[in-house]
Amino acid sequence: DVVETQEHYKSRWRSIWIMYLTMFLSSVGFSIVIMSVWPYLQKIDPTADASFLGWIIASYSIGQMVASPLFGLWSNYRPRREPLVVSTAISVAANCLYAYVHVPHSHNKYYMLTARALVGFGAGNVAVVRSYIAGATSLTERTSAMANTSACQAVGFILGPVFQTCFTLIGEEGITWKLIDLQLNMYTTPVLFGALLGLINIILIFAIFREHRVDDVGRQCKSINFEGEESGDLDQDIEGNIDHVAVVAINFLFFVILFVFAVFETIATPLTMDMYSWTRKEAVFYNGIILSVVGIESVIVFMVVKMLSKKTGERAILHGGLMIVLVGFFILLPWGKKLPNIQWEEIKNNSIPRTTSTEMLMPFWSLQAMQLPSNHTVEPVGCPVTQSWCLNTPMIYLAQYISSDILIGLGYPVCNVMSYTLYSKILGPKPQGVYMGWLTASGSGARILGPVFVSQIYTHLGPRWAFSLICGVVVVSLLLLEIVYKRLIAFSVRYGRIRE
């Protein structure tokens, strides 16, 4: 056996840490402007409505879904530095475009849509990041590395809105640099900050990142992305085929996991406004606190799951995570007899705005700046009578809602990490770029379809149908997991090279 040298070990982990940073910055690029998209859109193009905002938010996931398999394929045959640098450069350029969407005299909303879609396209490098980490870690290191990657992603989602809040101190007008027609205000400064972070990331990729690959027991192997002396000299023949049944199963399970979480974050605002008669401002504020706590909970879970998996194995933890998610949505079903307060005011004055199914396509943070016109001093609250189910469906108590948030915040990160870890182990030493691209694409597709699904079912049929169907989907995924349970094993274990 060829033992890994200390120099190779340090270089390998420095490169992995650069991948952690890339994942973090990719998440920040999504979340750093998400709270200000709606007011900025209204400012630059008054013709844009709430439905167009839904498209702008979805465009990020659409861009990522298209790009992930492409960057993954690229990373299979060329040095990974190439797709990493190109994807990050696209994100930097897209952020700069976003800062200039106010300049054209017309169609500004389409420039913003293009900018956000390109940021999502650049975020397709997530597939490259995860495929590199899978190939640069041994089986014993894999779960910990995947958990760290997901934790960096989660921290990016949490800190993005924090950065945005800090930049609000600049104000809506800010400073104008007339020479290059650049406005530095609370809307443009965050994306320019994101562009600066992207440039720093590119520099670090050139300076520190190196191609490394180790086999399942940690021995140096020659990388398929060969770069001279950066790779080891152990080139092992890869015999055996990937279990494609297991691959498809994990893709489906990952789609379900991202789908139910997208439903969860999308439904938060309309559900709490309908059930607890919260105003828009209250719903944004309280849900912001709740989801921030859930985000912190997720980061803690990412850390704990690394240690737990060594004792129980990834399959058992994935099973447990899905069970927790199932219980979380089961608790959300209306069980009592008390009906929610009805928003009768809507009948008396049709000019008063209400929450529509289109608005439900937007996560809670995108509603932050949607204020009532100044001539309306009282905002109607409660469950709109236009949603017929409000008249006969029991309310979901606040204790149910908070308990569900805690359980889903526990189950989601567990399932997320275990899916990636099992997937990378099933693929084994084979090039993983394209496969990781498809897994990322399935997650992006889930984040697009989840809000559409819940907006339609919840609006027309109510929470009982919406959450019952979600429970049914999770039950189907649990049954699938039981069927393929014995196939979800590492490539090397499957072919008897190492013992499980």
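Here region 74-107 is the region considered, the condition is being among the hydroxyl-bearing types (Ser, Thr, Tyr) and closer than 16 Å to residue 126 by Cβ, and the residue that is surrounded by the fewest Cβ atoms within 10 Å (Cβ to Cβ) is 88.
For residue 57, indicate whether it is at pLDDT 80 or above, β-branched (Val, Ile, Thr), in the same structural domain as residue 184 (by the TED database) and part of a helix (DSSP H, G or I). Criteria not met by residue 57.
How many residues are over 28 Å from residue 56 (Cα atoms) and open to solvent by less than 40 Å² (accessible area, probe 1.4 Å) if we restrict to region 421-456? Of the residues in region 421-456, 10 are over 28 Å from residue 56 (Cα atoms) and open to solvent by less than 40 Å² (accessible area, probe 1.4 Å).
One line per residue, one yes/no per condition, for (1) assigned by the TED database to the domain that holds residue 275; (2) modelled with pLDDT under 85:
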residue: 361; (1), (2): no, yes
residue: 364; (1), (2): no, yes
residue: 371; (1), (2): no, yes
residue: 385; (1), (2): yes, yes
residue: 403; (1), (2): yes, no
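Scanning region 282-322 for residues being free of Cβ contacts under 8 Å to residues at least 24 places away in the same chain and among the basic types (Lys, Arg) gives a total of 1.
Checking 10, 43 one by one, the residue that is part of a helix (DSSP H, G or I), out of contact with any Phe, Trp or Tyr (no Cβ under 8 Å at 6 or more places or on another chain) and charged (D, E, K, R) is 10 and no other. If you check residue 172 against the conditions, is it assigned to a loop (DSSP other than H, G, I, E, B) and surrounded by fewer than 23 Cβ atoms within 10 Å (Cβ to Cβ)? The answer is yes for residue 172.
Among the residues in region 406-428, are any in the same structural domain as residue 324 (by the TED database) and without any contact (Cβ under 8 Å) to a residue 60 or more places away in the chain? No, region 406-428 has no match at all.
The values are calculated or read from the model by the stated rules, or taken from the named source; none is laboratory data. Fair warning: this is a prediction, and the values are worked out from it, not measured in the lab. Virtual Cβ from ideal backbone geometry, glycine too; neighbours counted across all protein chains shown. Just the protein is used for accessible areas: all its heavy atoms, side chains included, with ligands, DNA and RNA removed. Shrake-Rupley method; radii C 1.70, N 1.55, O 1.52, S 1.80 Å.
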